[in-house]
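Asks: Structure incoming, see below.
The values are calculated or read from the model by the stated rules, or taken from the named source; none is laboratory data. It should be emphasised that the depicted structure is a prediction, and the values quoted were computed from it without experimental measurement. Note that each Cβ is placed from the backbone with ideal geometry, even for glycine, and that neighbours are counted across all protein chains shown.
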Amino acid sequence: MDENKAQQFTGRVLTDTAAAATIVMAALGDRLGLFKQLAQAGPATSGELAGRTGLSERYVREWLAGMRAAGYLEFDPAEDRFSLPAEHVPTLASEPGPAFFGGVHEELIGAIQRYHQVAAAFRDGGGVAPGALHPDVWDGTSRFTAQWHQNMLVQQWLPLVPGHRACQAGSGPGGRRGPGQLRGVRRGDRAAGILRRHHHLRRRARRGRPARPAAVDS
């Protein structure tokens, strides 16, 4: 056995394990609004951040230390305050945004919730139905792709879909369509199906209801 290769692989697994733990901490920071609070209100001590967010100072203190150790936050020993660097804000606090990862972290945490069902599927076959997945999977996916839907779906993607021009015929100002305006379009038209799904997701978001998987007309 090559001892050097063995040591290198152990180091890689250690790095991967530390990264997994970091993602859990980052997901907590996203869920509890800690990153966004630091981005909006500026540096804070653990007590100040706990006060801003209504959380336990003891837990906030541990979270801050962990995120600093991971390189997500910076610490000023003179002021005893933690800060979110401006360069980290787009990835951790600017939602929706092209670099925002909060939704991805939420999705991953949701997927882990069905770990035992997936393990059982390895033994017994079958799988985990989409409807049985944890809601965080769908909420996280929706948050992660929100920027694409807002700035790429209609502007870039739909023009590439056959039938797109037919769907836009008779649309309102700016090419916008309401769900009712799609009823005259052939049900099997894939562009119409994508638009219907887009309107469905937007309605659910406005009502504060999580998105759920739905088939797109094909």
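Asks: Taking residue 56 as meeting all but one of (1) polar (S, T, N, Q); (2) farther than 20 Å from residue 140 by Cβ; (3) under 12 Å from the mean Cα position of the chain (by Cα), write down the number of the exception.
Replies: Failing condition for residue 56: (3).
Asks: Given (1) in a helix (DSSP H, G or I); (2) more than 20 Å from the chain's Cα centre (by Cα), where does residue 40 come up short, assuming only one miss?
Replies: Condition not satisfied by residue 40: (2).
Asks: Six or more apart or on different chains, Cβ under 7 Å: which pairs go from a residue in the range 11-28 that's assigned to a helix (DSSP H, G or I) to one that's of a type in the set (Ser, Thr, Tyr)? Could you list them?
Replies: Hits for this filter: 26/72.
Asks: Checking the conditions here, which among 31, 12, 81 is of a type in the set (Lys, Arg) and surrounded by fewer than 11 Cβ atoms within 10 Å (Cβ to Cβ)?
Replies: When all the criteria are applied, what remains is 12.
Asks: Of the residues 68, 143, 114, which single one is in contact (Cβ under 8 Å) with a residue 12 or more places away in the chain, assigned by TED's automatic domain parsing to the domain that holds residue 15 and basic (Lys, Arg)?
Replies: Going through 68, 143, 114 in turn, the sole match is 68.
Asks: Out of the residues in the range 38-72 meeting the condition of being farther than 24 Å from residue 18 by Cβ and in contact with a strand residue (DSSP E or B) (Cβ under 8 Å, 6 or more places away or on another chain), tell me which one is surrounded by the most Cβ atoms within 10 Å (Cβ to Cβ).
Replies: The extreme case among them is 44.
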